[in-house]
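Remarks on the structure that follows.
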Amino acid sequence: MKIQFIERIKEFIEKKKLKNMPDEVLEEKIDEKLEGKETGNIPLIVGAVDDEKTQVELVKKVVEAPDISTATKADAFNELPHEMKKELFKKSIKSKELLAQKDINTFLKILVTDKRLQPYDELYYRIDKAFSDKQLSDILKALKEKRPESYDEEKVLRIVAKQIDVNLKKYGSFLSSHAADVLENMELEDNNSDNGKRKFDILNEQDRNRLLNAMKQEKEEIEKKSELSLTVQERRNLGEENLERQIRQIVEFRKKRLKEINEQNMGKSLE
C-alpha cells in the first residue's frame, strides 16, 4: 500500500512537471521515446498536451508505432477526450484494431454514436483481430437496438460466418452453444410474418444453407488473404467437410435445446 502511495505521488509530480511544458517540447519527448523504442511515461506526456488536435496526432503516432506495447498504446489512447477518440478512430485503422482488442465499450460507443460510420462494416473488418463469441453477440444485439437504421441481414450473416470460420481456423471447431447465441441476434425479412421480419432459424433448411454458403465465402477470403501462411492443419480445419460438420452440430444443439425447453414447460404445466 505504501509503495502504491509513493508511486501515485511520483506520478502526480511528473504530471505537474509535464503540464508546465509547451506542446512543442512534449511532441519532441514523444518522438524521442518512439525513436528509442521506450514506453516510459508516454501516456502521461500525451495527457499533458493542451491542443486536442496535437494530442490526436501524437496518439496516432504512438498507436501506429510497431515497437510499443499494446498496453501503452491503450493507455495513451485513453488520455483522449471521447470526441477526439472518435476523430482518431476515423483516421487510423490501427486505432480501430486497438479499441476492438482493448476497449470494447468505447469501440461500441463510437459505432453507436457516430452515424457517419457503417457499423457492420467496421465490425466485419475487425473480426479476425478481436472479439470473443460473447462480445460479438453483445455487440450485434446493441447495434440492432441502437442503430436499427443500419441493420443489414446480409452483412450480419457474413459477420457470423466469418466469426465461425476464424474459430475453425484456430481451433478446428466452434461451440454450438456460442453459435446459437450469436445467430439469435440475426433477423431476416419475411413477408409472411406480422412485422415483416423473423429470427434466423438454423432448423430452417433455407437459413441453414445461407449460413453454410456464407461460411464457404468467408473460408475462401481467409485462404486468399493468408495463402502462404496457412498451415496444413488450418487448411483442414477450413475444409468443406468440417464446415458442414459444424452446421450439423449447431442443428443438433438447437434440437436438444428446444427439447429441453419443451420438457421444462411440460413439467411446469403439470405442477
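The values are calculated or read from the model by the stated rules, or taken from the named source; none is laboratory data. As the structure is a prediction and not an experimental result, all values here were calculated from the model. A quick note on method: Cβ atoms are made from the backbone with ideal geometry, for glycine too, and the neighbour counts reach across all protein chains shown. With ligands, DNA and RNA removed, areas are computed over all heavy atoms of the protein, side chains included. Shrake-Rupley method; radii C 1.70, N 1.55, O 1.52, S 1.80 Å.
Report the residue count in segment 117-151 for those that are within 15 Å of E184 (Cα to Cα), open to solvent by 40 Å² or more (accessible area, probe 1.4 Å) and of a type outside the set (K, R).
4
For a quick check of your reading: which helices (runs of 4 or more DSSP H) sit entirely within segment 9-112 and have at least 3 residues that are under 26 Å from Q135 (Cβ atoms) and open to solvent by 70 Å² or more (accessible area, probe 1.4 Å)?
82-91, 93-102
Just checking, which of E223, E218, E234 is within 23 Å of the chain's Cα centre (by Cα), free of Cβ contacts under 8 Å to residues at least 24 places away in the same chain and open to solvent by less than 60 Å² (accessible area, probe 1.4 Å)?
The unique qualifying residue is E223.
Please enumerate the residues belonging to segment 178-198 that are more than 18 Å from E252 (Cα to Cα) and open to solvent by 60 Å² or more (accessible area, probe 1.4 Å).
E189, N191, N192, D194, N195, K197, R198
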